[in-house]
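Colleague: Structure incoming, see below.
The values are calculated or read from the model by the stated rules, or taken from the named source; none is laboratory data. The shown structure was predicted, so the numbers you read here are calculated from the model rather than taken from an experiment. So basically every Cβ, Gly included, is an ideal-geometry build from the backbone, and we count neighbours across all protein chains shown. Heavy atoms of the whole protein, side chains included, go into the accessibility calculation; ligands, DNA and RNA do not. Shrake-Rupley method; radii C 1.70, N 1.55, O 1.52, S 1.80 Å.
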Amino acid sequence: MGMRKVAIVGAGITKFVRRAQETGKELSWQASKMALESCDLTLDDIDMVTLGTAPDAFDGVHMKGEYLADGAGGIGKPYMRHFVGGGTGVFSPIHGWFHVASGMADICLVVAEEKMSTCHPHPAGAFLTIFDHTTEQPLMPTLIWIFALEMNRYMQTYGISKADIAQVSVKNKRNAMDHPSAQVAEKITVEDVLNSETLCWPVNRLDISPASDGAAAIVLASERVARRLTDKPVWIDGIGHSIDTAYWATRDLAYPRYVETAARMAYDMAGIKEPDKEIHIAEPYDPFDYKELHHMEGLMLCPRGKAAQLTADGVTARDGNMPICPSGGALGVGNPIAATGLMKIIEIFLQLRGEAGKRQVPGDPRCGLAQAGVDLMQMGTVVVMRS
Amino acid sequence: MKLEDFELGGTHLKSSDFKQGKVLTTEWEPNLKYAWDNGVAIGRYLAELKAGRIIARICHKCDRIMLPPRMFCELCFRPTDEWMYVKDTGVINTFSIAKVNWDASRRGPKEPPLLPAVIEIDGASEGMGIMHMLGEVNPKDLKIGMKVKAVWKKPEDRTGSITDILYFKPVTAKRKTKTKAAPKAGGKR
Amino acid sequence: MIKRVAIVGIGTTGFRPVTPDVSFRELIFEAARKAYTDAGMEPSEIDGFITTAEDFMEGYSIADEYCPDQIGAVLKPTQTIPGDFIQGMATGYMMIMTGAYRTIAIEAHSKASNMKNISELMGFAQDPVYNRPLRETPHAVAGLEMTRYLFESAASSEQCAQVVVKNKMNAMRNPYAAFGAEITEGDVLASEPVSLPLHRLDIAPHADGAVVAVLADEDTANTLCETPIWIEGIGWSTDTPTLEMRDWGEAAYARLSAEMAYRMAGIENPAALIDFAEICDEYSYKELQHMEALKLCMPGEAAYMLESGATSYQGELPINISGGARGVGHLFEASGAHKILELVEQLRGHAGARQIPDVNVGLAQVWRGVPTATGAVAILSNM
Amino acid sequence: MAITEKITDTTVPTFWEGAIPVRYVYTFGLAGEKFFRTVKDKGTFLATYCDECDISFVPPKVYCDRCFKELDSYIDVGTLGYVETFTLSFRNMDGSEKEIPKILAMVRIGDTDGGLIHYLEGFEIDEIAIGMPVKAVLKPKSQRKGSIEDIIGFGPVR
């Protein structure tokens, strides 16, 4: 193949909070500065910068990639924004990988930011306008509808109960208790989830990740530079991205084939034949608890309809055979959309280096995966990483 | 590196900090208004809804009858071939019972839940669903796979909109319900 | 190792002030279908897709959702770059250079006519704390910059008006252009003041249209077509978004982007090597300011060059043969796309009435508009 | 062309009207909060200074955007400045015409590298020159809320 190898060499993150005092620029700077410090680099060492951030409708600035440029370290540098909806944060290292693997940059700073609290009274208001303006918006939909519709179809297709799904929320919120950035870490039970307010059946309040403000950043380097900077580079061995049709109501809602196509691309590149055996640890996107299961199946980490059973059996617990979202995920750490995806990348980075502290999974994991996605249940982004 | 070794940024504010003016803020309500061109396919779709009909578009190459109609086939990437009316009946592919409005405000205790659904329309290719609302049904009786039929606005009230269909109701509603209409969506836009 | 990347197909709808007969999907499909036919490929054979779009221009909170269908990208590696087409092309270039993709399609479009208050939308890009509360016209940022540019360069409003006269005249020869006209310097200066020294006719009116281009690596390009148009250099850059910290005279983003592109293309003397250029003239003075930043002339010399006719249709260094944004229309994210389109047509020798004889190297430069300080440059050749 | 059936009748094309119904409340951030609290309470402007890059920021930033150094000491730079550039604006943000055109200027504050964009008050347009000194005119303290609107504009230095 002869592709240039690309490694993650540093990482930074802010706390994820419901309402941050910092501007989006300041949050971006906090995460980026930490990422540079973590690998003893300065902004001068950075060749190029790429920024991931989701809708302008959250931060409330048209062309917010331009607005955030100074906080992200982009001034006077080649700086570009990418945006693939909920998949943005895991697309960030992919866009960064393009920069470094192409030979255009040796060191690339990758930043992801979201400040959802600016949208008042609730960021949900910005989600009305993700639906088709002519054929759907007149029905006044809310974001939760589309998840509820998909969750119901998923439950019906595979005979899965709300209680089965609630275990994901319980696991992730508990995992998050060990994450310093966590916003909604707590010890809860399946009953707590089932008894929480029903918003759009079958979705209850505790099935959903919160709205959050936060930023995250990583530093990518070419092989030669990475080996000089650290003795523990984490390699990006596979990348995959895929988008399904915008006509979402015409698709099989029980199975995320957009994740499967993205995963197949990443697995091919990484030479992975049996993902369920070769991937030791995974951070699939979990904006809603059933989504973790749905995405595990799309990632082919288990057969269709079987992810809930794995969760019940403890296989996906931090000390299980296949730890899933050991960070605490969007459900526990919080969900500042683009920053969440990059938080997941950072978790795999730390886990593969054995630096995840109290969150460290046992067994010396060497191959991990992070995934994000969604849009109108259509976008998949996957990154496979190895130590 | 360990996250624990760093002092992480991010200063959390409480909602009361805003109300009590402990933090300076500025407000803005952008005036983001649009008039999107409907074009050929959606223009015809809306005109037919006004006439009380649902129209689809056929791709002969893929042998698909597509809804909403489109002038090109996104799979084989060529122009679609023909118009075709489909029925105003269908099957519930999935549904939800929604107690929140579009802006996350909660529906009042006396406001019945909204019943959004994906409905596979009879006559279109298998799986060709559209999002719409359900009505004249007790939410408890809803099931995936249920047959439904469109309830239209009166012809004089139709404007050429997806809302010219008020909602879909079960085809074999056994008992007559007195809740005549589906609930109105709440919250001002 | 991949050595070079080329444009192997391009398609457009042309540009009109309004396009009421087609939806954005139908508009884009036409450009995409033409591009794929031009490249002799089906989208199923293309490895990756890029759309360039900004949410609020489309009227969606997540415009990315609506990108795949009309470019044939369903279940394909696809992404949205909220930036200019040339930035999208830079990403496509990098993707091919990784060796993981052989071909990439890039799409950009404008449905600016569908925005009911585009002035306010442009203002919504300003800093919400320091600038936006003044509720000033977004063109005032350009007005401020124009005053400073004229002060530093000693160019005049009359000379800026000549840019408009030249470009609108050029557009008369471009069948894609929406705003071709034969006007005089006096017409520009007599048009209503917007933010002096800017008059209405100094500002490009917006237009609708779509462009899709297909990129390929060297081997694929050589098998696909006889005249691949090679990307010799590409650069992009951002200066501070903080208006108050800006150097108001110089377009630093254009200089930095050009330096990057020239370095890649191995160009040391751009004024001598570049045969023609399509550069951003969204505001009349911008063409002059950008010429200097791109080192197509010495600082302060752009206006003289214009007056001498060197940048005219028959001059030594024709600039904005297409008519530029003043003649074609301002296309927002698709601004770079119409410039690349012009380069490809000229370098292929397909530019009809406006064909420049014997051209080999063209430069396209774009700016993302007020209040940004972001730009990009691409250098294409047919050799 | 690309689609096989087109609209050929002027009376057929239609459009669908809609909006993005959002509303925002922006915090000023760590530096913005300090800046505007000081404008409100003390009627003066603050800068931050990066000694690595020798750049002073007005409006202040908590970071140097060239080297990323944290900037945590604030300097009072007063309210005097110089016209960097100016424009005579005839329109509002929504595109409507102003009743009376206003002079908008970029004013460099003191000897900093930054400044503020605001109106020039008390001048005729012909009097304005680049480099001319001006001084901020603030609302009376009792009317200040902590916002850019606490500044009425920049007026003559007397």
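Colleague: What distance in nm separates the simple spin-label points at C:Asp247 and C:Thr227, each placed 7 Å from Cα in the Cβ direction?
Modeller: It is 3.9 nm.
Colleague: Given R₀ = 25 Å, FRET efficiency for C:Glu268-C:Met298 by Cβ-Cβ distance, to 0.05? Don't skip to the answer; put the middle values down first.
Modeller: On the way: r = 15 Å, r/R0 = 0.62.
The pair C:Glu268/C:Met298 has a calculated efficiency of 0.95.
Colleague: Using a Förster distance of 22 angstrom, determine the FRET efficiency expected from the C-beta separation of A:Met177 and A:Arg205, and round it to 0.05. Walk me through the numbers before you get to the answer.
Modeller: Details: r = 19 Å, r/R0 = 0.88.
After rounding, the FRET efficiency stands at 0.70.
Colleague: How big is the A-B contact in terms of buried accessible area, both chains counted, 1.4 Å probe, rounded to the nearest 100 Å²? All intermediate terms of the calculation are to be shown ahead of the outcome.
Modeller: On the way: alone 14970 and 13900 Å², together 23840 Å².
So the total buried area for this chain pair works out to about 5000 Å².
Colleague: Continuing with this model, one more query. Compute the distance in nm between two label points, each set 7 Å from the Cα along the Cα-to-Cβ direction, one at A:Arg224 and one at B:Glu4.
Modeller: 3.9 nm
Colleague: Quick one: plug the Kirkwood hydrodynamic radius of segment C:64-191 (C-alpha pairs) into Stokes-Einstein at 25 °C, 0.890 mPa s, and report D in µm²/s. Mind showing how you got there, number by number?
Modeller: Values: Rh = 19.0 Å.
In µm²/s, the coefficient rounds to 129.
Colleague: Could you give the distance between the Cα centres of segment D:71-97 and segment C:233-277, to the whole Å?
Modeller: 27 Å
Colleague: On to the next question. Determine the equivalent ellipsoid of segment C:107-253 by diagonalising the alpha-carbon gyration tensor, then write out the semi-axes as square roots of 5 times the eigenvalues, largest first, rounded to whole Å.
Modeller: Numbers: eigenvalues 203, 102, 67 Å².
Gyration-tensor ellipsoid for segment C:107-253: 32, 23, 18 Å.
Colleague: Amide H neighbours of A:Met379 under 5 Å, at least 5 residues apart or on other chains, H built in the peptide plane: list them.
Modeller: So A:Met379 has HN proximity to A:Asp244, A:Val374.
Colleague: Could you list, in their original order, any pairs among D:Lys42/D:Lys139; A:Lys277/A:Lys306; D:Lys40/D:Lys139; A:Lys15/A:Lys344; A:Lys25/D:Lys145; A:Lys162/A:Lys306 whose Cα atoms are separated by more than 18 Å?
Modeller: Details: D:Lys42/D:Lys139 12 Å; A:Lys277/A:Lys306 16 Å; D:Lys40/D:Lys139 9 Å; A:Lys15/A:Lys344 14 Å; A:Lys25/D:Lys145 23 Å; A:Lys162/A:Lys306 14 Å.
Result: A:Lys25/D:Lys145 exceed 18 Å.
Colleague: Nearest 100 Å² is fine: what is the total accessible surface buried where chains B and C meet, probe 1.4 Å? Show your work: numbers first, answer last.
Modeller: On the way: alone 13900 and 15300 Å², together 26880 Å².
Summing both chains' loss of accessible area gives about 2300 Å².
Colleague: Using +1 at the C-beta of Lys and Arg and -1 at the C-beta of Asp and Glu, which of C:Gly143, C:Pro133, C:Tyr176 has the Cα lying farthest in the positive direction of the dipole of segment C:120-183?
Modeller: C:Tyr176
Colleague: Mind pulling the angle between the C-alpha long axis of helix C:157-171 and the longest principal axis of chain C? Nearest 10 degrees, somewhere in 0 to 90.
Modeller: 30 degrees
Colleague: Next question. Over segment B:39-170, with the other protein chains present, what is the accessible area per residue in square angstrom, probe 1.4 angstrom?
Modeller: So segment B:39-170 comes to 38 Å² accessible per residue, rounded to a whole number.
Colleague: Normalised by the empirical 2.2 N^0.38 Å for globular proteins, what value does the Cα Rg of the protein assembly as shown take? Could the numbers behind the result be given before it?
Modeller: Numbers: Rg = 28.4 Å, N = 1117, 2.2 N^0.38 = 31.7 Å.
After normalising by residue count via 2.2 N^0.38 Å, the value is 0.90.
Colleague: Also, I was wondering about something else. Using square roots of five times the C-alpha gyration tensor eigenvalues, list the equivalent-ellipsoid semi-axes of segment B:39-170 in whole Å, biggest first.
Modeller: Calculated on Cα positions only, the semi-axes equal 28, 17, 14 Å.
Colleague: With charges only on Cβ, +1 for K and R and -1 for D and E, what is the dipole size of segment D:29-156 about its Cα centre, in debye, rounded to 20?
Modeller: Numbers: 16 positive and 21 negative charges, 104 e Å.
With only Lys, Arg, Asp and Glu charged at Cβ, the dipole is about 500 debye.
Colleague: Taking 2.2 N^0.38 Å as the expected size of a compact globular protein, what ratio does the Cα radius of gyration of chain A give against it, to two decimals? Can you show the working numbers first?
Modeller: Working: Rg = 19.1 Å, N = 387, 2.2 N^0.38 = 21.2 Å.
Cα-based Rg divided by the globular estimate yields 0.90.
Colleague: How big is the dipole moment of segment B:39-170 about its Cα centre under a simple scheme where the beta carbon of each Lys and Arg is +1, that of each Asp and Glu is -1, and everything else is neutral? Debye, nearest 20, please.
Modeller: Numbers: 21 positive and 16 negative charges, 57 e Å.
It comes to approximately 280 debye.
Colleague: Here is a follow-up. Using only protein heavy atoms and a 1.4 Å probe, how much accessible area in total is buried between D and C, to the nearest 100 Å²?
Modeller: Details: alone 11500 and 15300 Å², together 22670 Å².
Interface between D and C: roughly 4100 Å².
Colleague: Starting from the amide H of B:Ser161, placed 1.01 Å from N in the peptide plane, find each other amide H under 5 Å away whose residue is 5 or more places distant or on another chain.
Modeller: Here B:Lys50 satisfy the definition.
Colleague: Under unit Cβ charges (Lys, Arg +1; Asp, Glu -1), what dipole magnitude, rounded to 20 debye, does segment D:1-89 have relative to its Cα centre? Show your work: numbers first, answer last.
Modeller: On the way: 9 positive and 13 negative charges, 56 e Å.
Its charge dipole is roughly 260 debye.
Colleague: I've got another one for you. Treating the angle as unsigned and between 0 and 90°, give the value, to the nearest 10°, between the Cα long axis of helix D:29-42 and the longest Cα principal axis of chain D.
Modeller: It works out to around 60 degrees.
Colleague: Follow-up question, since we're still on this one. Who wins for biggest fluctuation among B:Leu134, B:Leu115, B:Leu24 in a Gaussian network model of chain B, springs between alpha carbons below 10 Å?
Modeller: B:Leu24
Colleague: Pairing the Cα long axis of helix C:24-39 with the longest principal axis of chain C, what angle in degrees results, from 0 to 90 and rounded to the nearest 10?
Modeller: Relative to chain C, helix C:24-39 is tipped by roughly 60 degrees.
Colleague: Note down the accessible area of B:Arg78, probe 1.4 Å, to the nearest 10 Å².
Modeller: We get 70 Å² for B:Arg78.
Colleague: Along its three principal axes, how long is segment D:29-156 when you only count alpha carbons? Whole Å, largest extent first please.
Modeller: So the extents along the principal axes, rounded to whole Å, are 45, 33, 29.
Colleague: Can you give the mean number of other chain Cβ atoms that lie within 10 Å of the Cβ atoms in peptide A:146-159? Before the final figure, lay out each step's value.
Modeller: On the way: counts 4, 1, 6, 10, 3, 2, 10, 5, 1, 2, 5, 2, 0, 0.
Rounded to a whole number, the mean comes out at 4.
Colleague: Carbon and sulfur together cover what percent of the accessible area of segment A:75-171 at a 1.4 Å probe radius? Walk me through the intermediate numbers first.
Modeller: Working: 800 of 1530 Å².
Accessible surface attributable to carbon and sulfur in segment A:75-171 totals 52 percent.
Colleague: For segment A:6-164, what is the accessible area per residue in Å², given a 1.4 Å probe and the full set of protein chains?
Modeller: Numbers: 2570 Å² over 159 residues.
That works out to 16 Å² per residue.
Colleague: Test of understanding: what is the full-extension gain from D:Asp94 to D:Ser73, defined as 0.36 nm times their sequence separation minus their Cα-Cα distance? Intermediate values should be presented prior to the final figure.
Modeller: Numbers: separation 21, 0.36 × 21 = 7.56 nm, distance 3.86 nm.
Extra length from D:Asp94 to D:Ser73 when fully extended: 3.7 nm.
Colleague: Using a simple spin-label model with points 7 Å from Cα along the Cα→Cβ vector, what separation in nm is obtained for C:Glu307 and C:Lys116?
Modeller: Between C:Glu307 and C:Lys116, the label points sit 4.7 nm apart.
Colleague: Given contacts defined as C-alpha pairs under 8 Å and at least six residues apart, what's the relative contact order of segment D:29-156, whole-number percent? If you can, show how the numbers build up before the last one.
Modeller: On the way: 260 pairs, mean separation 30.2, N = 128.
Reported relative contact order: 24 percent.
Colleague: In the Gaussian network model of chain A, springs joining C-alpha atoms below 10 Å, which of A:Ile346, A:Ile46, A:Ile218 carries the largest mean-square fluctuation?
Modeller: Maximum among the listed residues: A:Ile46.
Colleague: Specify which residue in the list C:Met41, B:Gly90, A:Gly73 is farthest towards the positive end of the charge dipole of the protein assembly as shown, using unit charges on the beta carbon of Lys, Arg (+1) and Asp, Glu (-1), about the Cα centre.
Modeller: The residue sitting farthest along the positive end of the dipole is B:Gly90.
Colleague: Once R0 is set to 45 Å, what does the formula 1/(1 + (r/R0)^6) return for the Cβ-Cβ distance between C:Glu316 and A:Asp40, expressed as a FRET efficiency to the nearest 0.05? Could the numbers behind the result be given before it?
Modeller: Details: r = 51 Å, r/R0 = 1.13.
That gives a FRET efficiency of 0.35.
Colleague: Now, a different point. With a 10 Å cut-off between alpha carbons and a GNM built on chain C, which of C:Val129, C:Val74, C:Val188 moves the most?
Modeller: Ranking C:Val129, C:Val74, C:Val188 by mean-square fluctuation puts C:Val129 first.
Colleague: Continuing with this model, one more query. Of all DSSP beta bridges in the protein assembly as shown, what percent run antiparallel (nearest 5)?
Modeller: Details: 153 of 183 bridges.
Here the antiparallel bridges make up roughly 85 percent for the protein assembly as shown.
Colleague: Okay, moving on. Grab the alpha carbons of segment A:1-80, take their convex hull, and tell me the volume per residue in Å³.
Modeller: Convex hull volume per residue, Cα atoms: 129 Å³.
Colleague: Name the residue farthest towards the positive end of the dipole of the protein assembly as shown from the options A:Ala338, C:Cys280, C:Gln162, assuming +1 on Cβ of Lys and Arg, -1 on Cβ of Asp and Glu, about the Cα centre.
Modeller: The residue sitting most towards the positive pole is A:Ala338.
Colleague: To continue, here is another question. With all protein chains present, how much of the accessible area of segment B:39-170 (probe radius 1.4 Å) comes from carbon and sulfur, to the nearest whole percent?
Modeller: Numbers: 2690 of 5050 Å².
Carbon with sulfur: 53 percent of the solvent-accessible area.
Colleague: On the principal axes of its Cα set, how long, how wide and how thick is chain C? Give whole Å, largest value first.
Modeller: Ordered largest first, chain C gives principal extents of 52, 45, 38 Å.
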